[in-house]
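Engineer: Handing you a structure now.
The values are calculated or read from the model by the stated rules, or taken from the named source; none is laboratory data. Computed from a predicted structure; not experimentally measured. Cβ sites come from the backbone with ideal geometry, for glycine too, and all protein chains shown count toward neighbours.
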Amino acid sequence: MSAVLAVVLPLTLMLLFPAPERYRRLAIALTPWSGAALFLPLLTRPEVAFSWPLLGVSLRVDEVNQPLILLTAVAWNLSAWFAWNTIERDRRWFWSGWLGALSGMSLLLLAGDIASFYIGYALLTLSAYLLITHEHNPQAWRAARVYLVMAFVGEAAILSGILLLAGTIGNADFASFTGHHETLSASPARWLLLAGFAVKMGIMPLHLWLPLAHPVAPVPASAILSGVIVKAGLMGWLRFVPGLPEDPAWIGWTLIWLGLFTAFAGVVIGLTQERIKTVLAYSTISQMGLILAAFGLTILLPDQRNALLALVGFMALHHGLNKAALFLACGSSLALGRIGTVLFALPALSLSAFPFTSGYLAKNALKAAVHHTPAEILGVVLALTSTATALLLWHAWQIARHTRTRNPSLQPSWALLVLSGLVLPWIWAAGHDLIEPVKIYMLWAAVWPLILTAVIVAAAVRLNWRASGQIPEGDLVVLVEQLAGHLPRLLAQRERRHRPHSHLLDRLHQLQGFFEHHQRSVQATGLAALLLIGLLWLTLWN
C-alpha cells in the first residue's frame with residue numbers, strides 16, 4: 001500500500017485545510033513532508049491493482065520510473081522545506097496547488113496503465129495553475145493564461161492519442177505495450193502523444209508557457225516546475241511512445257535534430273534575458289532538448305534501447321536535482337561570499353559537464369551512444385552544447401551576483417539540494433553501469449568546450465560586449481500578442497474600404513474589452529473547462 005499512500009496522502013492533507021482547527025493544524029504540519037511518502041515505493045517496489053467505480057488502477061515501480069521517483073521525492077521534499085521557511089502570503093492557495101501537483105505527479109509516475117497515468121497528468125496540470133498564479137498580479141495572470149492555452153493544446157493532443165489507442169487496445173498495461181507494436185506503429189496516436197507531451201517538456205516551438213511561468217511563480221514552485229514537473233512529459237514519452245523495431249530511422253533523426261535545435265535556441269534566447277529566473281527557464285528548455293536528443297537515440301538504435309533508457313533516466317535525475325538547486329539559489333542570498341558562490345557554481349558546473357560531475361558522466365555516455373550512428377558530427381555538436389550551457393549559466397551568475405533577495409540567509413534546504421545533486425546521480429550511475437574508467441581523451445573532450453567558453457567570456461569582457469536587443473520573455477507569445485494587437489487596426493483600414501465589415505471590427509473590440517476587464521474570470525473558466533475534460537474522460541472510459 002506504499003504506492004497508494006504516496007498518491008493519497010497529499011490529497012488527504014489538502015482536503016483537511018477547511019476542516020476543524022485541530023485537523024487543519026495536523027494537515028499543515030505534515031504538508032511539507034508529504035513527499036517523503038514517495039521514498040516508500042522505492043524501497044518496497046510494489047505492484048498494486050484495484051478497481052474504482054469507473055475503471056481499474058494499477059501502480060508499480062520499475063526501471064523506467066525509478067530515477068524520476070527518486071528525483072521527485074528528493075527535490076519536492078527539499079523544495080517544500082524551503083517553501084515552509086519562505087512562503088508568507090496566501091499559504092492555503094500555494095499549498096493546495098503544491099499538494100495537488102504532488103499527488104498528480106506521484107500518480108503518473110507510479111501508474112502502470114493508461115487511465116491511471118492520464119488522471120495523474122490532468123491533476124498535475126490543474127494544480128500547477130495554482131502555483132503559477134500565486135502572486136495574483138497581472139504578470140502571473142498573463143502567464144497563467146498562456147499556460148492554460150498551452151495546456152489545452154497539449155491535453156487535446158494527448159487525449160486524442162490516448163483515445164485512439166484505447167479504441168484498439170483498451171486500458172492497456174504499460175508492460176504489455178511492446179506486444180501491440182503493430183497498432184502503435186500504424187496509428188497516428190504516436191505523433192499526437194509526442195507533440196502533446198512535448199508541451200510539458202518545453203520543446204521548441206511548444207515551449208511558450210515555460211519562460212513566462214517560471215519568473216512569476218514563487219521560488220520553490222519554480223524549482224519543482226523546472227526540475228520535476230517538466231519531466232512528466234518525458235515520462236509520457238517513455239510510457240506511450242516506446243521505440244519499435246520497425247521504426248524508420250528518420251523518426252529518430254528528426255527527434256535528435258529537433259532536440260539539438262532546442263538545446264542551442266534556448267541558450268541563444270536565454271543570453272538576451274535580464275532576469276535570473278527567466279535565464280534559468282531558457283536553460284531548462286535547452287536541457288530538455290538534450291534529453292529529447294537522447295530519447296531520439298532510443299528510436300534510432302533499438303538494439304541499445306535498454307542502455308539508452310537508463311541514460312535518459314540518469315539525465316533526468318541529474319538535470320532535475322541541479323536545476324532545482326539553481327532555482328532555490330534565486331530565493332537565498334547570493335551575497336554570502338564564498339558560500340553562495342560555491343553553492344551556485346557546483347550545480348552550474350555539473351550542468352555544463354565539468355569533469356567528474358554527473359553532467360560529465362551523462363555527456364560521455366551520450367557521446368558513446370552517438371558513435372554508433374553514421375553522423376560523426378553529432379559528437380562535436382554535443383560537445384558544443386556544453387559550451388552553450390556554460391555560457392548561459394555564466395550569464396545567469398552575472399545576474400545573480402547583483403540580485404538581492406527577501407531572505408538574506410543560507411537556507412539549509414538549498415545546501416542539501418546542491419549536495420544531493422552532487423552525490424545521488426553518482427550513486428545511481430554506479431548501480432546502473434554508467435561509470436567508465438577515466439581516460440585522457442574523455443577528459444579532453446569534456447575540457448575543450450569549457451576552455452572555449454572561457455575564451456568567449458574573456459573576449460566579451462575585454463570588448464565590453466553585450467547582447468544587442470532583448471528578446472521578450474515568452475518570445476513567440478509576444479509576437480502573437482503583437483499581431484493580435486495590430487489586427488483591429490488592419491481591420492479598421494479594411495473597414496474604411498469595405499463598410500459592410502464594420503460589424504466584425506465591433507465584435508473584436510468587444511472581445512478585447514471582455515478579456516481586459518474580466519481577466520480573472522477567464523482564468524476560472526479555463527480551469528473549470530480543463531476540469532470538465534478530466535471528468536468527461538472518467539465518464540467515457542471503458
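Engineer: Between a first residue in the stretch 432-453 that is more than 25 Å from Asn306 (Cβ to Cβ) and a second residue that is assigned to a loop (DSSP other than H, G, I, E, B) and at pLDDT 85 or above, which pairs have beta carbons less than 7 Å apart while being 6 or more apart in sequence or on different chains?
Structural biologist: Leu443/Pro355; Ala446/Ala353; Ala446/Pro355; Val447/Pro355; Leu450/Ser352; Leu450/Phe354
Engineer: Right, something else. Considering Ser127, Ser185, which residue is surrounded by fewer than 16 Cβ atoms within 10 Å (Cβ to Cβ) and among the small types (Gly, Ala, Ser)?
Structural biologist: Residue meeting the stated conditions: Ser185.
Engineer: Test of understanding: among Gly296, Gly289, Gly313, Gly320, which residue is touching a residue at least 24 places away in the same chain (Cβ under 8 Å) and farther than 18 Å from Ile229 by Cα?
Structural biologist: Gly296
Conditions tested, residue by residue: (1) on the phi < 0 side of the Ramachandran plot; (2) not hydrophobic (A, V, I, L, M, F, W, C).
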| residue | (1), (2) |
| --- | --- |
| Gly112 | yes, yes |
| Phe117 | yes, no |
| Leu126 | yes, no |
| Tyr129 | yes, yes |
| Leu148 | yes, no |
| Ser160 | yes, yes |
| Leu163 | yes, no |
| Gly170 | no, yes |
| Ala186 | yes, no |
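Engineer: Against the condition surrounded by fewer than 23 Cβ atoms within 10 Å (Cβ to Cβ), assigned to a helix (DSSP H, G or I) and within 14 Å of the chain's Cα centre (by Cα), how does Met150 come out, does it pass?
Structural biologist: yes
Engineer: Which of the residues belonging to the stretch 252-281 are polar (S, T, N, Q) and in contact with a Phe, Trp or Tyr (Cβ under 7 Å, 6 or more places away or on another chain)?
Structural biologist: If the condition is that a residue be polar (S, T, N, Q) and in contact with a Phe, Trp or Tyr (Cβ under 7 Å, 6 or more places away or on another chain), then Gln273 is the only one that fits.
Engineer: Using the structure shown, decide if His207 is outside any helix (DSSP H, G or I), within 11 Å of the chain's Cα centre (by Cα) and buried (at least 23 other Cβ atoms within 10 Å of the Cβ).
Structural biologist: Criteria met by His207.
Engineer: Taking Thr254 as the residue in question, decide whether it is part of a helix (DSSP H, G or I), in contact (Cβ under 8 Å) with a residue 24 or more places away in the chain, hydroxyl-bearing (Ser, Thr, Tyr) and crowded, with 21+ Cβ neighbours inside 10 Å.
Structural biologist: So Thr254 does not fit the description; no.
Engineer: Residues of the stretch 81-95 being crowded, with 23+ Cβ neighbours inside 10 Å and not aromatic (Phe, Trp, Tyr), which ones?
Structural biologist: Correct list: Ala83 only.
Engineer: Of everything in the stretch 32-46, what is touching a residue at least 40 places away in the same chain (Cβ under 8 Å), over 23 Å from the mean Cα position of the chain (by Cα) and assigned to a helix (DSSP H, G or I)? Give them in sequence order.
Structural biologist: Listed by number, the residues that qualify are Leu43, Thr44.
Engineer: Then there's this: Can you give me the number of residues within the stretch 1-21 that are surrounded by fewer than 16 Cβ atoms within 10 Å (Cβ to Cβ) and either modelled with pLDDT under 80 or assigned to a loop (DSSP other than H, G, I, E, B) (or both)?
Structural biologist: 5
Engineer: Follow-up question, since we're still on this one. Scan the stretch 257-276 residue by residue and report those that are closer than 20 Å to Leu349 by Cβ and surrounded by 23 or more Cβ atoms within 10 Å (Cβ to Cβ).
Structural biologist: Answer for the stretch 257-276, where residues must be closer than 20 Å to Leu349 by Cβ and surrounded by 23 or more Cβ atoms within 10 Å (Cβ to Cβ): Ala263, Gly266, Val267, Gly270, Ile276.
Engineer: Quick check on the stretch 331-383: of everything there that is modelled with pLDDT of 85 or more and part of a loop (DSSP other than H, G, I, E, B), which residue is surrounded by the most Cβ atoms within 10 Å (Cβ to Cβ)?
Structural biologist: Out of the qualifying residues, it is Ala353.
Engineer: Scan the stretch 384-428 residue by residue and report those that are modelled with pLDDT under 90, farther than 16 Å from Thr341 by Cβ and either aliphatic (A, V, I, L, M) or touching a Cys at 6+ places or on another chain (Cβ under 9 Å) (or both).
Structural biologist: If the condition is that a residue be modelled with pLDDT under 90, farther than 16 Å from Thr341 by Cβ and either aliphatic (A, V, I, L, M) or touching a Cys at 6+ places or on another chain (Cβ under 9 Å) (or both), then no residue fits.
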